[in-house]
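Q: The following block contains the structure, expressed as structure tokens.
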Amino acid sequence: MVSRIVKVNDAALHCQIEGPSDAPALVFSNSLGTDFRIWDAVVADLAQDYRILRYDKRGHGLSDDPDNGWSMGELVGDVAVLMDHFGLKGAAVVGLSVGGLIAQGLAAERPDLVRLMVLADTAARIGNEDLWNDRIAQVKSAGIGSMADAILERWFAPDFHADGNFAMWRNMLVRTSDQGYARVSAAIRDTDLVTSTSGLTLPTLAVVGDRDGATPPDLVRETAELIAGSQFEIIRGAGHLPCVEKPQVFTRLLRDFLKSHQHG
């Protein structure tokens, strides 16, 4: 297990590749305001059985925060180049929130890379122009710290706020660059994948926390219904990051889905 930097589309992206080189591929794409540590507990359970790629989006974690290339097209292109770099094809791609938008875009544009898709707490369109413009204006004027409490209320169910590790996740959020947060927010604002996602036919699992205040269950269900034959599951007692709050439940659903489609 080695973290490394890979130069992708004029940005240095921080990523980690682990697991047996001949195992089925599993790729994780995380949410706005997070880095790839949100998958730690899930990956710890899966790494012996899968070739796993995780990465930090541009403007997040230890990746570059470049001045250009911030549309959803670039965000999708980043993970495609990473997968090509590591020789990963026919992968199961797990995307959370904006990572789910990236997964949907990747499945539409590079079907050779994506065999199965897991959409966690996401949708084909997330929010609306006014919501994202307000959030962008606030982060530019007052910084991400001014938004942290409201964001964390959407991310986590109330009980989790008393968890001993809660401060770790708050620190991760507030240490995201203001520019990175604002520019990925703009990419989400400008993305509507309803038409392209409606044309997807690959096996898909959609999951959502029942306490998710960012992409509520009904919104996630609507996106699942765009894809014929998709599976929809609700994780009780979790907010927007069920892989953090309920990693055992999330991992069991993921393993069952992968096994049901002979992926690993």
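Q: Any idea which residue in the stretch 108-124 is surrounded by the most Cβ atoms within 10 Å (Cβ to Cβ), counting only those that are hydrophobic (A, V, I, L, M, F, W, C) and within 14 Å of Leu26 (Cα to Cα)?
A: Leu119
Q: Within the stretch 224-242, which residues are out of contact with any Asp or Glu (no Cβ under 9 Å at 6 or more places or on another chain) and surrounded by 16 or more Cβ atoms within 10 Å (Cβ to Cβ)?
A: Result: Ala224, Leu226, Ile227, Ser230, Gln231, Glu233.
Q: Of these, Arg189, Arg221, Arg183, Arg154, which one is among the basic types (Lys, Arg), in contact with a His (Cβ under 8 Å, 6 or more places away or on another chain), touching a residue at least 12 places away in the same chain (Cβ under 8 Å) and surrounded by 13 or more Cβ atoms within 10 Å (Cβ to Cβ)?
A: Of the residues listed, the single one that is among the basic types (Lys, Arg), in contact with a His (Cβ under 8 Å, 6 or more places away or on another chain), touching a residue at least 12 places away in the same chain (Cβ under 8 Å) and surrounded by 13 or more Cβ atoms within 10 Å (Cβ to Cβ) is Arg154.
Q: Taking the options Gly99, Gly73, name whichever one is out of contact with any helix residue (DSSP H, G or I) (no Cβ under 7 Å at 6 or more places or on another chain), within 16 Å of Phe28 (Cα to Cα) and assigned to a helix (DSSP H, G or I).
A: Gly99
Q: Taking the stretch 6-18 as the search range and keeping residues that are assigned to a strand (DSSP E or B) and in contact (Cβ under 8 Å) with a residue 40 or more places away in the chain, which one is surrounded by the fewest Cβ atoms within 10 Å (Cβ to Cβ)? So that I can check it myself, show each step before the final result.
A: The initial filter retains those residues of the stretch 6-18 that are assigned to a strand (DSSP E or B), namely 6-8, 11-18.
Narrowing further to those that are in contact (Cβ under 8 Å) with a residue 40 or more places away in the chain: 6, 8, 11-15, 17.
Numbers: Val6: 17, Val8: 23, Ala11: 21, Ala12: 13, Leu13: 24, His14: 20, Cys15: 23, Ile17: 21.
Looking at the filtered set, the residue picked out is Ala12.
Q: For the stretch 192-202, what are the residues that are farther than 19 Å from Asn133 by Cβ and in contact (Cβ under 8 Å) with a residue 24 or more places away in the chain?
A: Leu193, Val194, Ser196, Thr197, Ser198, Gly199, Leu200, Thr201, Leu202
Q: While we're on this one: Quickly run through the stretch 45-65 and pick out the residues that are farther than 17 Å from Ala92 by Cα and out of contact with any strand residue (DSSP E or B) (no Cβ under 8 Å at 6 or more places or on another chain).
A: Correct list: Gly59, His60, Asp65.
Q: Where residues in the stretch 19-33 are assigned to a loop (DSSP other than H, G, I, E, B), touching a strand residue (DSSP E or B) at 6+ places or on another chain (Cβ under 8 Å) and not hydrophobic (A, V, I, L, M, F, W, C), which of them is farthest from Ala91 (Cα to Cα)?
A: Ranking the qualifying residues of the stretch 19-33, first place goes to Ser31.
Q: Quick one: which of Arg170, Arg211, Arg154, Arg175 is among the charged types (D, E, K, R) and in contact with a Leu (Cβ under 8 Å, 6 or more places away or on another chain)?
A: Of Arg170, Arg211, Arg154, Arg175, the one residue that is among the charged types (D, E, K, R) and in contact with a Leu (Cβ under 8 Å, 6 or more places away or on another chain) is Arg170.
Q: Any idea how many residues of the stretch 222-239 are farther than 21 Å from Ala92 by Cβ, touching a strand residue (DSSP E or B) at 6+ places or on another chain (Cβ under 9 Å) and in a helix (DSSP H, G or I)?
A: 0
Q: Another question, if that's okay. Does Val93 fit the bill of being in contact with a Leu (Cβ under 8 Å, 6 or more places away or on another chain) and in a strand (DSSP E or B)?
A: yes
Q: Being in contact with a strand residue (DSSP E or B) (Cβ under 9 Å, 6 or more places away or on another chain) and crowded, with 21+ Cβ neighbours inside 10 Å, is that true of even one residue in the stretch 67-75?
A: Yes, that holds for at least one residue.
Q: For the condition closer than 26 Å to Trp70 by Cα and part of a helix (DSSP H, G or I), what is the one hit in Thr197, Thr215, Thr191?
A: Thr197
Q: Suppose we keep only residues that are farther than 19 Å from Gly213 by Cβ and among the small types (Gly, Ala, Ser) within the stretch 96-107. Which one would you say is surrounded by the fewest Cβ atoms within 10 Å (Cβ to Cβ)?
A: Going through the stretch 96-107, the residues farther than 19 Å from Gly213 by Cβ turn out to be 102-107.
Cutting the leftovers down to among the small types (Gly, Ala, Ser) gives us 103, 105, 107.
Working: Ala103: 28, Gly105: 22, Ala107: 27.
In this case the residue turns out to be Gly105.
Computed from the coordinates by the stated procedures, all read-outs in this text should not be read as laboratory data. Since this is a predicted model, take the numbers as computed values, not measurements. For neighbour counting, all protein chains shown are included, and Cβ atoms are generated from backbone atoms with ideal geometry for every residue, glycine included.
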